[in-house]
Amino acid sequence: MKPKYLGKHNSLSRHSSLDRISRKDSRKDFNEFESFGLDIWNAYEFSYLLNGKPKIAVLEISIPSNSKYTIESKSMKLFLNSFFNKNYANQSEVINIISKRISKTCNSEVKIVSKSSFKTFDRDNFSNKSGLIVYKGFRSICPVTSQPDWGNIYIYSSTNTLNKKEIYNFLFSLRNHGGFHEHCVEKIFLYIKKTFSVDHIEICGRFLRRGGIDINPIRSSQKKLFFANFREFNQ
């Protein structure tokens, strides 16, 4: 993908466009398995004017994994930053504008809420704790900037058939893999589905923020998701 904004001077006060990326390009093998999920974007540096006074907010943007398109991250940052000097009567008006724009770009209904706090990861929420695998220090490479992306990978299975050593070795092998967060999580999902006999599998990638936004994909073999929008200390 040729970068349109990355590494270039941009006027944040004027820029308001969103660039979309087709999911189809990286899903030639992934679509052979039915999957569900979300891409949860947490935007920590969002600001606007509320009746002429500066207001800050942390936005949780949930994009369905079955959307035809997702958003190029730099254009998302510029789009959200373009609100910093615009005046609104209330926060609902702002969120409604953002939701409509992102939904139209993704060709899917996108949900946005303002966050006041985050829960931490809790193993007690999982009935089959032996089916839970946590891999911290996951590393991949951004295909646009060639810079490293860091995160934690959470894997939950309804059975105990997963071989942790094999999975750790596979995750380690991706340290120089060039792929967006969403593609990395889908690659892990595909590997486990093809390698192990599992009834249900769910993968959650909690990636470190870049430019004030972290992107956290969840892919599951069932509609009901176990993982929610939590935070670890190193995020």
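What follows is calculated from the coordinates using simple rules that are stated; it is not laboratory data. Source: prediction; values computed, not measured. Counting neighbours? That spans all protein chains shown, and the Cβs are built from the backbone with ideal geometry, glycine included.
Of the residues SER221, SER116, LEU78, the one whose Cα sits farthest towards the positive end of the charge dipole of the chain is LEU78 (charges of +1 on Lys and Arg Cβ, -1 on Asp and Glu Cβ, taken about the Cα centre). For LYS165, the lysines whose Cα comes closer than 21 Å to its Cα, not counting residues fewer than 8 places off in the same chain, are LYS129, LYS136, LYS187, LYS193, LYS194. In summary, the lysines within cross-link reach of LYS77, defined as a Cα separation below 21 angstrom excluding same-chain residues under 8 places away, comprise LYS2, LYS4, LYS8, LYS55, LYS68, LYS86, LYS100, LYS104, LYS111, LYS115.
Normalised by the number of residues in the stretch 123-220, the mean separation of alpha-carbon contacts (under 8 Å, six or more apart) gives a relative contact order of 29 percent. Diagonalising the gyration tensor over the Cα atoms of the stretch 24-115 and scaling each eigenvalue by 5 before taking the square root yields semi-axes of 29, 12, 11 Å, largest first. Residues VAL185, VAL110, ranked from the fewest to the most other C-beta atoms within 10 Å, line up as VAL110, VAL185. Counting beta carbons within 10 Å around each of ILE97, ILE61 and listing the fewest first gives the order ILE97, ILE61. When the chain is described by a simple charge dipole with +1 on each Lys and Arg Cβ and -1 on each Asp and Glu Cβ, the residue from TYR191, GLY131, TYR44 located farthest towards its positive end is TYR44. Projecting the Cα atoms of SER17, SER62, GLY211 onto the charge dipole of the chain, computed from C-beta unit charges around the Cα centre, puts SER17 farthest toward the positive end.
Using Cα-Cα distances under 8 Å and only pairs 6 or more residues apart, what relative contact order does the stretch 24-115 have, in percent? With pairs under 8 Å counted, the relative contact order is 33 percent. Using all pairs of distinct alpha-carbon atoms, the Kirkwood hydrodynamic radius of the stretch 153-193 works out to 11.0 angstrom. Computed from backbone phi with θ = phi - 60° and the Karplus coefficients 6.51, -1.76 and 1.60, the 3J(HN,Hα) list for the stretch 153-159 is 10, 10, 10, 10, 10, 6, 10 Hz; x is used for glycine and proline.
Less than 5 angstrom separates the built amide H of LEU50 from those of LYS55, TYR88, all sequence-distant by 5 or more or on a different chain. Please label the shape of the stretch 123-220 as rounded, prolate or oblate, based on the square roots a ≥ b ≥ c of the eigenvalues of the alpha-carbon gyration tensor (a/c under 1.5 means rounded; beyond that, a/b larger than b/c means prolate, else oblate). Here the stretch 123-220 falls in the prolate category. What stretch of the chain, leaving out the sites themselves, is the longest with no GluC sites (Glu not before Pro) in a DSSP loop having at most 14 other Cβ atoms within 10 Å? That gives 110-235 as the longest site-free run.
If the elastic network links every pair of Cα atoms under 10 Å, which of ASP124, ASP39, ASP214 fluctuates the most in the Gaussian network model of the chain? Of ASP124, ASP39, ASP214, the most mobile in the Gaussian network model is ASP124.
Each label was represented as a point 7 Å from its Cα along the Cα-to-Cβ direction; for ILE97 and ARG139 these points are 4.2 nm apart. Sites listed here are trypsin sites (Lys or Arg not before Pro) in the stretch 168-235 whose DSSP assignment is loop and whose Cβ has at most 12 other Cβ atoms within 10 Å: ARG175, LYS223, LYS224. The calculated FRET efficiency for LYS104 paired with LYS53, based on their beta-carbon distance and R0 = 41 Å, is about 0.90.
Kirkwood analysis of the chain, using all unique Cα-Cα pairs, places the hydrodynamic radius at 18.7 Å. Computed from the Cβ-Cβ distance with R0 of 35 Å, the FRET efficiency linking ASP29 to TRP150 stands at 0.85. Taking SER157, SER92, SER75 in turn, the Gaussian network model of the chain (Cα-Cα springs below 10 Å) assigns the largest fluctuation to SER92. By the equivalent-ellipsoid construction on the alpha carbon gyration tensor, the stretch 165-235 comes out with semi-axes of 21, 17, 10 Å, ordered largest to smallest. The magnitude of the dipole of the chain, with charges of +1 and -1 set on the Cβ of Lys/Arg and Asp/Glu and taken from the Cα centre, is near 540 debye.
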